[in-house]
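Q: Handing you a structure now.
The values are calculated or read from the model by the stated rules, or taken from the named source; none is laboratory data. Values in this document were obtained by computation on a predicted structure and should not be read as measured data. FYI the Cβ positions are ideal-geometry reconstructions off the backbone, even for glycines, and counts take in every protein chain you see.
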Amino acid sequence: MTLPSQRHLFDIPANVAYLDGAAYSPLPRSVRAAGEAGVLTKSQPWASPRSRENDWAERARAAAAGLIGASVEDVAIVSAVSHGIGTAARNLPLPLPAGSRMLRVQDEFPSVSLVWDRLAAKAGAVADVVPRPADGDWTRAVLEAIARPGAPPLAVACLTPLHWSDGAVIDLDRIAPAVHAAGAALVVDATQAVGAMPVDVARWQPDFLAFPTYKWVLGPYSLAFLYAAPHRQSGLPLEENQVNRPGGQFAPGARRYDKGERNDPIALPMAATGLELVASWGTAAVEARLRSLTDRLAEDAMALGIPALPRALRAPHILGLRIPGGMPPGLIEALAAAGVYASDRLGVLRVSPHVWAEEADCDRFRAALARALGRS
Ligand SMILES: Cc1ncc(COP(=O)(O)O)c(C=O)c1O
């Protein structure tokens, strides 16, 4: 079932085509209201029992778990993806064995690559960085890298279900079993996936998987979730505090990795409201809707002579356009001046609609792009 546009739930003027969900999503009105109510409780603390904030933490945790097919016991509340990935890095069997391999893709997001590159270098392990394949087929490239004859044994693979810069699919349904068969740990950054395409920890069986709330699940900045597989729940959090070590004991399950000052009266109700809204639509319906929009955007771009990846290699919600000759200087600004918002990521024009987007936004994008490139 395809979802109709949900623009009525947002506060977006008709002349704004915001196609930058992969960067920073606008808030649905209900999420904003949840945050405003939170600000009021902090303004007048005597009027609201603080115990309610623990309820919000558990509600947000449950909603996050539901979107990734996890048990609520296996999800920690952290402050950023880098916090989650840092927690994973602290708790996988380390140091990486000297002469082993850490595998990631080229141009990975710093919140994933920095810590693992540093740990690999420190341990004398090989940082095996899979180069961007010319044909855009990351799945094949990563599978070949895992199985490369003579390569050092794989200790850990740090992967994403799609490349953040251009939406190229990295199919973890096919890659995760190969990582497991190699006896390696799997760390997943699902930032650009949760809420817009299927993410299921039962299928991928990652050791750890992290995602934030401020993009595809329509929540606040400064909040993220970390799934920790049951056999990874005896490690150390990055910070030790009264919520993850109540009474000095570690909290059960993944809660032992919860962040300090977890019970945020503003962010948690916002996060829970956004996550529950996304869950109410269902990922499959969101995915179908966004696929129809990016298909339309891709066709329009191709009509302007701008290639896109083949449909089977691109994610439903992020379209990367490589303009022949490179990104023209001032293009993003020219689009913004026409009320069209997209991003330059690594020289790619990244267009990423979410549920607020309408077909009219695609038309506005095509017209503004044609004008900016002098092709109208
Ligand atoms: C792939 C990916 N991972 C992570 C993040 C955010 O990381 P953090 O929460 O550490 O700022 C982004 C933000 O754009 C991203 O695109």
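Q: Can you tell me which of Val130, Val156, Val142 is in the same structural domain as Ala70 (by the TED database), within 16 Å of the ligand (Cβ to nearest atom) and more than 17 Å from Leu346 (Cα to Cα)?
A: Only one candidate qualifies: Val142.
Q: Name every residue in region 325-376 that is free of Cβ contacts under 8 Å to residues at least 24 places away in the same chain and surrounded by 18 or more Cβ atoms within 10 Å (Cβ to Cβ), in order of residue number.
A: Within region 325-376, Ile332 is the sole residue that qualifies.
Q: When residues of region 65-88 are filtered for being part of a helix (DSSP H, G or I) and of a type outside the set (D, E, K, R), how many remain?
A: Of the residues in that region, 12 qualify.
Q: Restricting to region 178-214, count the residues that are under 17 Å from His83 (Cβ atoms) and either more than 10 Å from the ligand (Cβ to nearest atom) or part of a loop (DSSP other than H, G, I, E, B) (or both).
A: Qualifying residue count for the region: 11.
Q: If I filter region 89-116 down to residues being outside any loop (DSSP other than H, G, I, E, B), aliphatic (A, V, I, L, M) and in contact with a Lys or Arg (Cβ under 8 Å, 6 or more places away or on another chain), which single residue comes out as farthest from the ligand (Cβ to nearest atom)?
A: Checking each candidate, the answer is Val105.
Q: Assess whether Arg255 counts as being part of a helix (DSSP H, G or I), out of contact with any helix residue (DSSP H, G or I) (no Cβ under 7 Å at 6 or more places or on another chain) and assigned by the TED database to the domain that holds Leu321.
A: When the stated conditions are applied, Arg255 does not pass them.
Q: Still on this structure, I have one more. In the set Ala47, Ala57, Ala62, which member is in contact (Cβ under 8 Å) with a residue 24 or more places away in the chain and either within 22 Å of the chain's Cα centre (by Cα) or not assigned by the TED database to the domain that holds Phe365 (or both)?
A: Ala57
Q: Cβ-Cβ under 8 Å, sequence separation 6+ or interchain: first residue in region 72-87 and within 14 Å of the ligand (Cβ to nearest atom) and of a type in the set (Ser, Thr, Tyr), partner in a strand (DSSP E or B) and at pLDDT 95 or above. Which pairs?
A: Listed pairs, sorted by first residue: Ser79/Ala224; Thr87/Ala76; Thr87/Val78; Thr87/Phe208; Thr87/Leu226; Thr87/Ala228.
Q: Which of the residues that make up region 243-291 are among the hydroxyl-bearing types (Ser, Thr, Tyr) and free of Cβ contacts under 8 Å to residues at least 60 places away in the same chain?
A: Ser280
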